[in-house]
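*Asks:* Handing you this structure, nothing more for now.
Readers should treat all values here as calculations from the given coordinates under stated rules, not as data from a laboratory. Predicted model only: the values in this text are computed from it and were never measured. Neighbour counts run over all protein chains shown; Cβ positions are idealised from the backbone, glycine included.
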Amino acid sequence: MRLNSSFSRIASLRVAFVLASLCASATAGVAAQCGNGPQGFDAWLQGFKSRAAAQGIKPETVSRALSGVTYDPTVIRLDRSQHSFKLSFQQFYARRVNGALINRGKSLMRTHRATLDRIEKRFGVPGAVIVAIWGLETHYGADASARYSILRSLATLAYDCRRSEFFTGQLLDAIRIVGRGDLSPSQMRGGWAGEIGQTQFLPTPYVRYAVDFDGNGHRDLVRSVPDILASTANFLASHGWQRGGSWQPGSANYGVIGQWNKAEVYQRTIAAMATQLAGGG
């Protein structure tokens with residue numbers, strides 16, 4: 001995620017809609033343990049390690065994942081500086097989608113045609129929809145940031161009082177990703193709010209929906225294109241995607257796209273871009 005790019009603003013928009021709706025407030029117990037500055041972080045982290053172990057995560061996995069993790073004030077500054085922006089669909093689409101993005105997407109659809117066909121057969125989601133999401137999230141991986149340590153960012157946000165309970169859950173699942181061998185701690189790098197990989201999964205959806213589609217024993221949404229595309233399809237299928245159905249506004253599948261991103265302009269952009277990629281626009 002590049003902080004000064006339109007992509008970073010989209011990621012912030014996604015965080016604002018997707019995360020805030022899930023974590024409006026922390027519980028009183030968590031609030032008593034959280035903090036609004038670096039003081040107390042180390043003590044909080046020790047308590048978190050005990051909580052993780054109590055939830056069945058091996059202590060050695062917790063220690064390995066959180067080794068050297070410190071409070072990151074940059075992440076808090078970015079969290080506080082999020083700004084919503086109001087664009088019409090036409091403005092948003094013109095800003096985000098151009099001929100180069102469409103042509104690149106069509107080329108990638110040809111390159112990965114066999115994989116996309118297998119994915120559609122299994123999950124029922126057309127390749128055009130998956131590739132539209134891939135393109136909008138990270139320009140097909142070109143903008144997949146590795147700037148931030150996911151574990152450090154999530155630990156900082158879990159300690160911070162604003163959305164502590166939500167990010168505590170995300171941090172637990174990030175450690176589970178390490179524990180099951182999908183990514184090592186050093187590979188857990190991405191957006192400042194914990195987004196991982198080329199279609200920007202947060203850790204909890206990663207744990208729930210990531211698929212080992214290349215058969216190597218790991219669910220790798222950073223480097224494995226088959227895993228990335230199949231996991232995106234699995235997310236949509238698990239939220240009710242109807243095989244063979246329309247994805248245009250008003251359809252059931254359009255509602256499923258809304259589960260990927262709550263912002264209406266983003267939903268419409270996915271649908272419109274998918275139509276172009278499929279040759280219908």
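*Asks:* Residue 114 - would you say it is surrounded by fewer than 16 Cβ atoms within 10 Å (Cβ to Cβ) and among the hydrophobic types (A, V, I, L, M, F, W, C)?
*Replies:* Details: surrounded by fewer than 16 Cβ atoms within 10 Å (Cβ to Cβ): yes; among the hydrophobic types (A, V, I, L, M, F, W, C): yes.
When the stated conditions are applied, residue 114 passes them.
*Asks:* Here is a list: 204, 232. Which entry is hydroxyl-bearing (Ser, Thr, Tyr) and over 23 Å from residue 275 (Cβ atoms)? Talk me through it step by step, then tell me what you get.
*Replies:* On the way: 232 fails: over 23 Å from residue 275 (Cβ atoms).
Exactly one of 204, 232 is hydroxyl-bearing (Ser, Thr, Tyr) and over 23 Å from residue 275 (Cβ atoms), namely 204.
*Asks:* Among the candidates 255, 250, single out the residue that is part of a loop (DSSP other than H, G, I, E, B) and out of contact with any Gly (no Cβ under 6 Å at 6 or more places or on another chain). Lay out the reasoning, then the answer.
*Replies:* Values: 255 fails: part of a loop (DSSP other than H, G, I, E, B).
Residue meeting the stated conditions: 250.
*Asks:* Still on this model: For the structure I just gave you, tell me whether residue 219 is in contact with a Gly (Cβ under 8 Å, 6 or more places away or on another chain), of a type in the set (Lys, Arg) and not in a helix (DSSP H, G or I). Please lay out each step first, then the result.
*Replies:* On the way: in contact with a Gly (Cβ under 8 Å, 6 or more places away or on another chain): no; of a type in the set (Lys, Arg): yes; not in a helix (DSSP H, G or I): yes.
No.
*Asks:* Moving to a separate point now. What residue, of 227, 173, 212, is acidic (Asp, Glu), in a loop (DSSP other than H, G, I, E, B) and in contact (Cβ under 8 Å) with a residue 12 or more places away in the chain?
*Replies:* 212
*Asks:* List every residue pair whose Cβ atoms sit under 6 Å apart, with the two residues 6 or more apart in sequence or on different chains, where the first one lies in segment 256-281 and is without any contact (Cβ under 8 Å) to a residue 12 or more places away in the chain and the second, anywhere, is surrounded by 22 or more Cβ atoms within 10 Å (Cβ to Cβ).
*Replies:* Nothing qualifies.
*Asks:* Quick check on my filter: what residues within segment 188-209 are in a helix (DSSP H, G or I) and either touching a Gly at 6+ places or on another chain (Cβ under 9 Å) or within 17 Å of residue 140 (Cα to Cα) (or both)?
*Replies:* Answer for segment 188-209, where residues must be in a helix (DSSP H, G or I) and either touching a Gly at 6+ places or on another chain (Cβ under 9 Å) or within 17 Å of residue 140 (Cα to Cα) (or both): 203, 204, 206.
*Asks:* Taking the stated definitions as given, is residue 135 under 30 Å from residue 93 (Cβ atoms) and either assigned to a helix (DSSP H, G or I) or under 14 Å from the mean Cα position of the chain (by Cα) (or both)?
*Replies:* Yes; evaluated as a whole, the condition is true for this residue.
*Asks:* Sticking with this one: Could you list, in sequence order, all residues of segment 207-262 that are among the hydroxyl-bearing types (Ser, Thr, Tyr), in contact with a strand residue (DSSP E or B) (Cβ under 9 Å, 6 or more places away or on another chain) and surrounded by fewer than 22 Cβ atoms within 10 Å (Cβ to Cβ)? Before the answer, list the steps.
*Replies:* Residues of segment 207-262 among the hydroxyl-bearing types (Ser, Thr, Tyr): 209, 224, 231-232, 238, 246, 251, 254.
Next, from what is left, pick out any that are in contact with a strand residue (DSSP E or B) (Cβ under 9 Å, 6 or more places away or on another chain): 209, 231-232.
209, the sole residue that qualifies.
*Asks:* Could you please give the count of residues in segment 34-83 that are in contact (Cβ under 8 Å) with a residue 12 or more places away in the chain, part of a loop (DSSP other than H, G, I, E, B) and among the hydroxyl-bearing types (Ser, Thr, Tyr)?
*Replies:* Residues meeting the conditions: 3.
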